[in-house]
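Engineer: My structure is below; once you've seen it, I'll send some questions.
The values are calculated or read from the model by the stated rules, or taken from the named source; none is laboratory data. Just so it is clear, the structure is predicted and the values come from calculations on it, not from any experiment. In this analysis, Cβ positions are derived from the backbone assuming ideal geometry, glycine residues included, and neighbour counts consider all displayed protein chains.
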Amino acid sequence: MSEPAGPPAFHLLAKPTGATCNLDCSYCFFLSKEMLYPGSRFRMADELLEAYIRQLIEAHRIPQVTIAWQGGEPTMMGVEFFRRATAYVEKYRRPGMTVEYTIQTNGTLIDDELAAFFKEQDYLVGLSIDGPPAMHDAYRVDRGGAPTSDRVLGGLEYLRKHGVEYNVLTTLHHANADHPVEVYRYLRDEVGARFMQFIPIIERLPAPRIDVPLDELGLSEGLARKAPWQSWRDRPLYRQEGSLVTDRSVSAEQYGSFLVGVFEEWVRRDVGEVYVQMFDVALANWHGEPPSLCVHSETCGSALALEHNGDLYSCDHFVEEGYKLGNITETPMAELVASEQQVAFGLAKRTDLPRFCHECDVRFACHGGCPKDRFIHTPDGEPGLNYLCAGYKAFFHHVDQPMRTMSRLLTAGRAPSELVGWTLAEDARVQAAVARAGRNDPCPCGSGRKVKHCHGAGT
Ligand code: SF4
Ligand code: SF4
């Protein structure tokens with residue numbers, strides 16, 4: 001039998017409850033995807049669960065596979081569903097095969113029994129927390145509009161009690177993006193997270209009149225406008241279209257300065273202790289290794305999404321009719337993953353880059369970002385530039401020197417955490433030079449600004 005021509009491994013986010021969730025986060029685009037399946041119960045049936053596990057294992061030609069649950073809110077399925085999944089894994093895993101389990105959850109339904117199960121099966125739990133309660137509760141509310149941070153922290157307590165491994169996913173939006181250090185310290189010190197990912201909220205809005213150019217309406221690309229909906233109940237089906245954004249969205253500049261703010265704290269004490277996904281990804285690109293995140297890889301297409309009824313989509317962000325590859329009960333998963341449609345989807349990330357990106361000095365680190373966010377024009381008018389471009393540039397330029405240093409340390413077989421000492425020594429050197437300089441002299445840090453507007457400000 002000939003082997004499928006697809007990738008030897010891929011990442012699949014399975015959504016056993018589809019888009020359904022017990023919460024109603026105002027910025028969540030995914031809740032509206034319920035409309036794709038009118039009349040559905042949104043529960044993955046047992047026969048499909050078995051077919052999914054079997055096909056996922058068979059489609060992997062390497063001896064490692066990850067079972068990744070996502071939503072909606074997957075814990076709504078209840079612990080017995082996940083026990084059955086484990087039983088199917090044991091039935092189909094090949095000798096010597098390593099199986100890892102991950103689940104992304106809002107944490108509010110985690111109880112003693114579920115946490116004990118996660119520990120028993122060595123789950124890695126991704127918890128969605130947007131920062132200290134006031135920032136978290138700005139948009140992460142339940143279906144009655146009530147705040148949820150207490151319930152999330154309750155779930156976290158169960159994870160801690162059972163010693164479950166967890167990391168944190170924080171979305172960046174209007175309510176928290178201006179507070180990088182506060183958010184980071186909260187996650188590190190109060191939540192105890194040792195692995196964090198920061199995901200920008202970019203909620204696209206179509207123009208009010210599709211037949212009229214934006215400038216004739218007095219609008220411009222990337223402009224934030226008041227979100228016309230606060231809940232999935234009054235939200236139309238979300239699609240990746242439109243070049244305006246809601247006022248909940250993070251701006252490119254906010255995103256860049258958030259990452260810089262976190263980096264400045266991290267680089268002085270936490271390198272090697274706390275893992276921030278974006279910093280790991282940047283280091284991989286500076287060091288010439290494939291990054292672990294599709295967004296900053298040259299091509300994509302190896303991170304697919306499976307709906308509760310077996311429909312397979314190109315990506316979690318493209319659960320839309322035009323990106324459906326097929327249904328795994330009708331066509332084997334391996335065939336769908338290897339399909340021309342999926343290969344073209346992944347390659348388009350590179351081929352559709354505008355010239356502005358090709359000429360960019362940080363393209364090796366950025367690769368144009370995720371195609372879903374490429375909805376603005378370049379300065380010379382070419383379409384397809386990433387909405388976050390200004391933020392990416394600011395961040396990647398800011399970390400250039402430290403990333404080079406860490407890469408050199410890695411090449412020399414030394415620990416990247418040595419960067420902490422290097423940074424503190426550099427801080428001391430700059431401060432000593434600032435003390436000797438005049439207020440109108442160029443700042444010794446090399447920023448190009450005067451001392452009084454840089455390291456000497458406020459002295
Ligand atoms: S479309 Fe974006 S999120 Fe999806 S696989 Fe490609 S880079 Fe990743
Ligand atoms: S920083 Fe901007 S111009 Fe450079 S590759 Fe990224 S999106 Fe393109």
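Engineer: So which of Phe356, Phe375 is more than 11 Å from ligand 2 (Cβ to nearest atom) and under 29 Å from Leu223 (Cα atoms)?
Structural biologist: After applying the criteria, what remains is Phe375.
Engineer: Does at least one position in segment 15-22 carry a residue that is small (Gly, Ala, Ser), touching a residue at least 24 places away in the same chain (Cβ under 8 Å), in contact with a Gly (Cβ under 7 Å, 6 or more places away or on another chain) and in a loop (DSSP other than H, G, I, E, B)?
Structural biologist: Within segment 15-22 (the criterion being small (Gly, Ala, Ser), touching a residue at least 24 places away in the same chain (Cβ under 8 Å), in contact with a Gly (Cβ under 7 Å, 6 or more places away or on another chain) and in a loop (DSSP other than H, G, I, E, B)), the answer is yes, since at least one residue qualifies.
Engineer: Looking at segment 119-132, which of its residues are out of contact with any Phe, Trp or Tyr (no Cβ under 8 Å at 6 or more places or on another chain) and surrounded by 18 or more Cβ atoms within 10 Å (Cβ to Cβ)?
Structural biologist: The answer is Ser128, Ile129.
Engineer: Could you tell me which residue of segment 276-312 is surrounded by the fewest Cβ atoms within 10 Å (Cβ to Cβ), considering only residues that are among the hydroxyl-bearing types (Ser, Thr, Tyr) and under 14 Å from the mean Cα position of the chain (by Cα)? Write out each step before concluding.
Structural biologist: Going residue by residue through segment 276-312, those that are among the hydroxyl-bearing types (Ser, Thr, Tyr) are 292, 297, 299, 302.
Now narrow it down to the ones that are under 14 Å from the mean Cα position of the chain (by Cα): 292, 297.
On the way: Ser292: 12, Ser297: 20.
Only one residue tops the list, namely Ser292.
Engineer: Let me ask something else about it. Would segment 333-347 turn up any residue that is in contact with a strand residue (DSSP E or B) (Cβ under 7 Å, 6 or more places away or on another chain), more than 30 Å from Gln55 (Cα to Cα) and either touching a residue at least 24 places away in the same chain (Cβ under 8 Å) or more than 15 Å from ligand 1 (Cβ to nearest atom) (or both)?
Structural biologist: Checking segment 333-347: not a single residue is in contact with a strand residue (DSSP E or B) (Cβ under 7 Å, 6 or more places away or on another chain), more than 30 Å from Gln55 (Cα to Cα) and either touching a residue at least 24 places away in the same chain (Cβ under 8 Å) or more than 15 Å from ligand 1 (Cβ to nearest atom) (or both).
Engineer: Where residues in segment 180-222 are assigned to a loop (DSSP other than H, G, I, E, B) and in contact (Cβ under 8 Å) with a residue 60 or more places away in the chain, which of them is surrounded by the most Cβ atoms within 10 Å (Cβ to Cβ)?
Structural biologist: Ile202
Engineer: Is it the case that some residue within segment 383-400 is farther than 24 Å from Gly261 by Cβ and more than 16 Å from ligand 1 (Cβ to nearest atom)?
Structural biologist: Yes, that holds for at least one residue.
Engineer: Taking segment 113-167, which residues are of a type in the set (Asp, Glu), over 20 Å from the mean Cα position of the chain (by Cα) and part of a loop (DSSP other than H, G, I, E, B)?
Structural biologist: Selection gives Asp122 alone.
Engineer: To continue, here is another question. Answer yes or no as to whether Cys357 is within 30 Å of Val267 (Cβ to Cβ), within 16 Å of ligand 1 (Cβ to nearest atom) and free of Cβ contacts under 8 Å to residues at least 40 places away in the same chain.
Structural biologist: Answer is yes for this residue.
Engineer: Consider only pairs whose beta carbons are under 6 Å apart and that are at least six residues apart or on different chains; among these, list those whose first residue lies in segment 361-379 and is more than 18 Å from Tyr255 (Cα to Cα) and of a type outside the set (A, V, I, L, M, F, W, C) and whose second residue is near ligand 2 (Cβ under 10 Å from one of its atoms) and modelled with pLDDT of 95 or more.
Structural biologist: Thr378/Pro354; Thr378/Phe356; Thr378/Leu385
Engineer: So, Gly384, is that one more than 23 Å from His11 (Cβ to Cβ) and within 16 Å of ligand 2 (Cβ to nearest atom) or not? Before you say what the answer is, go through the steps one by one.
Structural biologist: Numbers: more than 23 Å from His11 (Cβ to Cβ): yes; within 16 Å of ligand 2 (Cβ to nearest atom): yes.
Answer is yes for this residue.
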